[in-house]
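The values are calculated or read from the model by the stated rules, or taken from the named source; none is laboratory data. Since this is a predicted model, take the numbers as computed values, not measurements. Please note: Cβ atoms are built from the backbone with ideal geometry, for glycine as well, and neighbour counts cover all protein chains shown.
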Amino acid sequence: MSRPTIRSASHPIPISAGMEDYVSMGPISARGAASIIANATRVVAIELLCAA
């Protein structure tokens, strides 16, 4: 049984007699990481404003 996962972290299901296409998920993962870093930066900025 599989669980819902992030697209870049999921494993491809083998089809076509085991000859599957290999698609780089690096750009998708990088975009997600950039979004996480941007959100974390905003959270830290808000925390610093509240602490001041």
TODO: Test Glu47 against the criterion of being among the acidic types (Asp, Glu), surrounded by 10 or more Cβ atoms within 10 Å (Cβ to Cβ) and at pLDDT below 65, and give yes or no.
DONE: no
Task: Criterion violated by Gly26 - all others in (1) surrounded by 10 or more Cβ atoms within 10 Å (Cβ to Cβ); (2) modelled with pLDDT of 60 or more; (3) within 18 Å of the chain's Cα centre (by Cα) satisfied - done: (1)
